[in-house]
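Undergrad: Sending over a structure as C-alpha cells; questions will come in a sec.
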Amino acid sequence: MLVTGATGYVGSRLVPLLERQKMAVRCMARTSAKLLGRFAPDTELMAGDVLERASLDVALAGVGTAYYLVHSMSGSSDFEESDRRAAMNFAAAASAAGVRRIIYLGGLGDDADPTLSPHLRSRHEVGRILREAGVETIELRASLVVGAGSLSFDLVKALTDRLPVMICPKWLATPTQPIAIDDLLAYLLAAKDLPPEESQVIEIGGADVLTYGDVIREYARQRGLRRWLIPVPVLTPYLSSLWLALVTPARFDVGRHLIEGLKNPTVVRDDRARERFSIRPKGIRAAICDVLEQRSS
Ligand SMILES: NC(=O)c1ccc[n+]([C@@H]2O[C@H](COP(=O)([O-])OP(=O)(O)OC[C@H]3O[C@@H](n4cnc5c(N)ncnc54)[C@H](OP(=O)(O)O)[C@@H]3O)[C@@H](O)[C@H]2O)c1
C-alpha cells in the first residue's frame, strides 16, 4: 500500500490508521527525511516526486492500492498545470506497475458550474486523469475538513479567534457540508476494502449542510466569542489579503486558492456514500467540539 502526501495533513493522519490495521505501508514524500521518526519502524519511507515519473516507477513497484493525497497549490505558480502533469505521471506509472486501485481525495463542487474556482476545477481534473488511465480509481470528494491543522478549518479559526467584526463577502451564504477529520479518515480507510468495481466518484460530507457563516457562528458559539459578520457584495483582493495575513506565510498560497473556492457550493448531491459505506458522519457541532476538546487535552 502506497501513501503519497504522507507529510500532509490528511496523509500523515491516515498512515497510523493503516499501520494499526497491520497493512504493509510505504510512504512517499519529496524529502523522505521529513518522514523520519513519524511512523512505525516497519513502515517503508521512500523519496518520490509526482512530477518525476522515474521516482514513481520505484515507489509504485509491487503496490496494490495507492492513496493519492497530493496537490501543488503551495509550490507552483501554475498549480493547475503541475497538478495535471503530476496526475498524468501517477496514472501512467500506476498502470505500468499493475496497481489495482487508486484512492484519491479531491474536492466537492458541481462540474457543470461555469464559475467553479480554478482550485476545484483542477481537483476534478486530477480525478478524471487518474480514472482515464485504466486503473480503478475511487475519487472521494469532500468540502471543508474540520480538524486542527486542516488549512481550511484553520482559516475559519484564525478569522473567528482574532476578528470581533468580520467583513465578509456574499460567500457567507454559500452552502457547504463540512466533514470531521475522523469521519474523512474512516471513508479513506473503508475505500480500500470496497469490492473491485468500475472507477467511481463518491461525494462525502458531514451530517449538516450549512453556510460558511453558520460554521463561523458555531465555532464562535462553542468558544464563547461574540462575533459580528457584516456581508459585503464582493471579495476584493485587499480583503482577502487581510485575512491571509492571519495565516503563516508558508500557507499563504494554498489559502489564496481555497478562498477563491468559497463562492462555490460544496455539498453532497448523490447518495452513493450511504449505499457503499456504513459510516454515518457526525454534524458540525460534534466536529467542532472534537477540535476544541483535543486542544484543551
Ligand atoms: N484539508 C482539507 O480541508 C481538504 C478538503 C478536501 C479535500 N482535500 C484534499 O486532500 C488531499 C490532501 O490534502 P491535505 O490537506 O493533506 O494537503 P497538505 O497538507 O497541503 O499536503 C499536501 C501533500 O502533497 C505533497 N506534495 C506536493 N507536491 C508534491 C510532489 N510534487 N510530489 C510528491 N508530493 C507532493 C506534500 O508533500 P511535501 O512535504 O513534499 O510538500 C504534502 O504531503 C488533496 O487532494 C486535497 O485537495 C483536503
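Undergrad: Just a yes or no: is a residue in segment 260-279 surrounded by 13 or more Cβ atoms within 10 Å (Cβ to Cβ) and among the acidic types (Asp, Glu)?
TA: yes
Undergrad: Another question, if that's okay. Provide a single number: the residues in segment 89-110 that are closer than 19 Å to ARG141 by Cα and out of contact with any strand residue (DSSP E or B) (no Cβ under 7 Å at 6 or more places or on another chain).
TA: 2
Undergrad: Quick check on this structure: which one of PRO175, PRO164 is of a type outside the set (A, V, I, L, M) and under 18 Å from GLY205 (Cβ atoms)?
TA: PRO175
Undergrad: Right, something else. Among the residues of segment 63-82, are any farther than 30 Å from ALA220 by Cβ, near the ligand (Cβ under 9 Å from one of its atoms), aromatic (Phe, Trp, Tyr) and in contact (Cβ under 8 Å) with a residue 40 or more places away in the chain?
TA: First, the residues of segment 63-82 that are farther than 30 Å from ALA220 by Cβ: 63-70, 72, 75-82.
Okay, now just the ones that are also near the ligand (Cβ under 9 Å from one of its atoms), so 68-70, 72, 75-76, 82.
Then keep just the ones that are aromatic (Phe, Trp, Tyr); that gives 68.
Filter once more, keeping what is in contact (Cβ under 8 Å) with a residue 40 or more places away in the chain: 68.
The answer is yes; a qualifying residue exists.
Undergrad: Then there's this: Could you tell me which numbered condition ARG100 fails, if it satisfies all but one of (1) over 21 Å from TYR187 (Cα atoms); (2) surrounded by fewer than 18 Cβ atoms within 10 Å (Cβ to Cβ)?
TA: Every listed condition holds for ARG100 apart from (1).
Conditions (1) touching a residue at least 40 places away in the same chain (Cβ under 8 Å); (2) within 16 Å of the ligand (Cβ to nearest atom); (3) among the hydrophobic types (A, V, I, L, M, F, W, C); (4) surrounded by fewer than 19 Cβ atoms within 10 Å (Cβ to Cβ), marked per residue:
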| position | (1), (2), (3), (4) |
| --- | --- |
| GLY127 | yes, yes, no, no |
| ILE138 | yes, yes, yes, no |
| ARG141 | yes, yes, no, no |
| VAL145 | yes, yes, yes, no |
| VAL156 | yes, yes, yes, no |
| VAL165 | yes, no, yes, yes |
| ALA173 | yes, no, yes, yes |
| GLN177 | yes, yes, no, no |
| ASP193 | no, no, no, yes |
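Undergrad: Any residue that is assigned to a loop (DSSP other than H, G, I, E, B) and within 14 Å of the ligand (Cβ to nearest atom) - is there at least one of those in segment 14-29? Let's see the steps before the verdict.
TA: Pass one, segment 14-29, residues assigned to a loop (DSSP other than H, G, I, E, B): 21-25.
Of the ones still in play, those that are also within 14 Å of the ligand (Cβ to nearest atom) are none.
No: segment 14-29 contains no residue that is assigned to a loop (DSSP other than H, G, I, E, B) and within 14 Å of the ligand (Cβ to nearest atom).
Undergrad: Within segment 284-297, how many residues turn out to be surrounded by fewer than 17 Cβ atoms within 10 Å (Cβ to Cβ) and under 24 Å from LEU120 (Cβ atoms)?
TA: Selection size over segment 284-297: 0.
Undergrad: Of all helices (runs of 4 or more DSSP H) completely enclosed by segment 71-186, which ones contain at least 3 residues that are at pLDDT below 90?
TA: Details: elements: 79-97, 118-132, 151-162.
Counting at least 3 such residues, we get 151-162.
Undergrad: Mind listing just one residue for me: the one in segment 232-271 that is basic (Lys, Arg) and modelled with pLDDT under 95 and, of those, nearest to the ligand (Cβ to nearest atom)? Break it down stepwise before answering.
TA: Step one: filter segment 232-271 for residues basic (Lys, Arg), giving 251, 256, 263, 269.
Still in the running and modelled with pLDDT under 95: 251, 256, 263.
Values: ARG251: 8, ARG256: 13, LYS263: 16 Å.
Checked segment 232-271; the qualifying residue nearest to the ligand (Cβ to nearest atom) is ARG251.
The values are calculated or read from the model by the stated rules, or taken from the named source; none is laboratory data. Since the structure is predicted, the reported quantities are computational estimates derived from the model, not experimental observations. Please note: Cβ atoms are built from the backbone with ideal geometry, for glycine as well, and neighbour counts cover all protein chains shown.
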